[in-house]
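I have placed the structure first, in the form of structure tokens, so that the comments after it can refer back to it.
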Amino acid sequence: MLRIPSGKPVDLASYDARATPAGPSGKAEGLEATTRAGERLAGLQERLWAAATAGDRRRILLILQGMDTSGKGGTVKHVIGHFNPSGCRIKAFKEPTAEERGHPFLWRVTRALPQPGEIGIFDRSQYEDVLVARVRGLVPRRQLGGRYGQINRFEQTLAEDGVTVVKCFLHISYEEQRARLLGRLDNPDKHWKFSTGDIEDRLLWPDYQKAYEIALERCSTDAAPWYVVPADRKWYRNWAISRLLLEHLEALDPQYPKADFDVEESRERLLEIR
């Protein structure tokens, strides 16, 4: 229900950021369901990690995109927190460094990809280079237009190499973002999370919404579809992303590898040692 159909125009105004499609009946039930999903996610992650020791190259890449305060960090805390950190690779993409600007825009993304058996999480991603770049006019439009195709080819290559790409746009409303930004200003412990640039970006809200619509339309493919996750209700956001990860991991159905040694012989030898 959250998936963007490939190649169809996207109008974000038609998506209710407070909606709870296919979700639990309320917050309490949603929190309980997310906790239950976390237990299953942890087990599947262990199986994925174990399968990699026997040569299984499959892995998951969760991409989180959204306006400031949409909950990218919160998702990492409340959803990814169920996983064993040793099997996760988390990367938050900031403004490119001088070194990164000296390379093609996909260079820094490629360096952060999960290895076989891992679950990778991108807080922002290669899409910054068609979102911020478009809104801020950082590259010529002709060059910008070619990046959508580059991203699609890149993600197709990932899929062919065993990477399941799960792309989530955390859809927050204009009013809810203002409330969350005010909450940060009202709480001294949250001042570190606030930037005056957040206010500047609000002035460009229509431009960012348009940039997202274009990216969602052009880059929702069979190999790597986009999902629009209503994010005004934090409990639903967390439940929905937990559910998406669970469905994809269950589809992979990773298995523990069989022992490549004589189990009974090893048992006997171990028991002989006093």
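The values are calculated or read from the model by the stated rules, or taken from the named source; none is laboratory data. Since this is a predicted model, take the numbers as computed values, not measurements. Here Cβ is always computed from backbone atoms with ideal geometry, including for glycine, and neighbour counts include all displayed protein chains. Please note that ligands, DNA and RNA were not included when accessible areas were found on the heavy atoms of the full protein model with its side chains. Shrake-Rupley method; radii C 1.70, N 1.55, O 1.52, S 1.80 Å.
Quick rundown of the values:
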| read-out | value |
| --- | --- |
| Matching entry among Phe93, Phe122 (being closer than 22 Å to Glu213 by Cα, touching a residue at least 60 places away in the same chain (Cβ under 8 Å) and of a type in the set (A, V, I, L, M, F, W, C)) | Phe122 |
| Close pairs (9 angstrom Cβ cut-off, 6 or more residues apart or separate chains): more than 14 Å from Ala33 (Cα to Cα) and without any contact (Cβ under 8 Å) to a residue 24 or more places away in the chain in region 229-251, open to solvent by less than 10 Å² (accessible area, probe 1.4 Å) and among the charged types (D, E, K, R) anywhere | none |
| So Gly7, is it of a type outside the set (D, E, K, R), open to solvent by 30 Å² or more (accessible area, probe 1.4 Å) and either assigned to a helix (DSSP H, G or I) or over 20 Å from Glu247 (Cα atoms) (or both) | yes |
| Some residue of region 143-152 being in contact (Cβ under 8 Å) with a residue 24 or more places away in the chain, among the β-branched types (Val, Ile, Thr), part of a helix (DSSP H, G or I) and closer than 27 Å to Ser14 by Cα | yes |
| Verdict on Leu64 being in contact (Cβ under 8 Å) with a residue 60 or more places away in the chain, in a helix (DSSP H, G or I), under 20 Å from the mean Cα position of the chain (by Cα) and buried (at least 20 other Cβ atoms within 10 Å of the Cβ) | no |
| Wholly within region 77-135, helices (runs of 4 or more DSSP H) carrying at least 2 residues that are buried (at least 16 other Cβ atoms within 10 Å of the Cβ) | 107-111, 128-135 |
| Complete set of residues in region 169-184 that are open to solvent by less than 80 Å² (accessible area, probe 1.4 Å) and not basic (Lys, Arg) | Phe169, Leu170, His171, Ile172, Ser173, Glu176, Gln177, Ala179, Leu181, Gly183 |
| Total residues in region 209-228, condition surrounded by 21 or more Cβ atoms within 10 Å (Cβ to Cβ) and either under 25 Å from Leu181 (Cα atoms) or without any contact (Cβ under 8 Å) to a residue 12 or more places away in the chain (or both) | 2 |
| All positions within region 1-21 that are hydrophobic (A, V, I, L, M, F, W, C) and modelled with pLDDT of 95 or more | Leu2, Ile4, Val10, Leu12, Ala13, Ala17, Ala19 |
| Given (1) outside any helix (DSSP H, G or I); (2) surrounded by 10 or more Cβ atoms within 10 Å (Cβ to Cβ), number of the condition Arg269 does not satisfy | (1) |
| Matching helices (runs of 4 or more DSSP H) fully within region 158-263 where at least 3 residues are modelled with pLDDT under 95 | 196-203 |
| Region 96-119, subset touching a residue at least 24 places away in the same chain (Cβ under 8 Å) and in contact with a helix residue (DSSP H, G or I) (Cβ under 7 Å, 6 or more places away or on another chain), residue nearest to Arg47 (Cα to Cα) | Gly117 |
| Flag for Ala17 being open to solvent by less than 30 Å² (accessible area, probe 1.4 Å) and either in contact (Cβ under 8 Å) with a residue 60 or more places away in the chain or assigned to a loop (DSSP other than H, G, I, E, B) (or both) | yes |
| Any chance Asp68 is under 15 Å from Lys167 (Cβ atoms) and charged (D, E, K, R) | no |
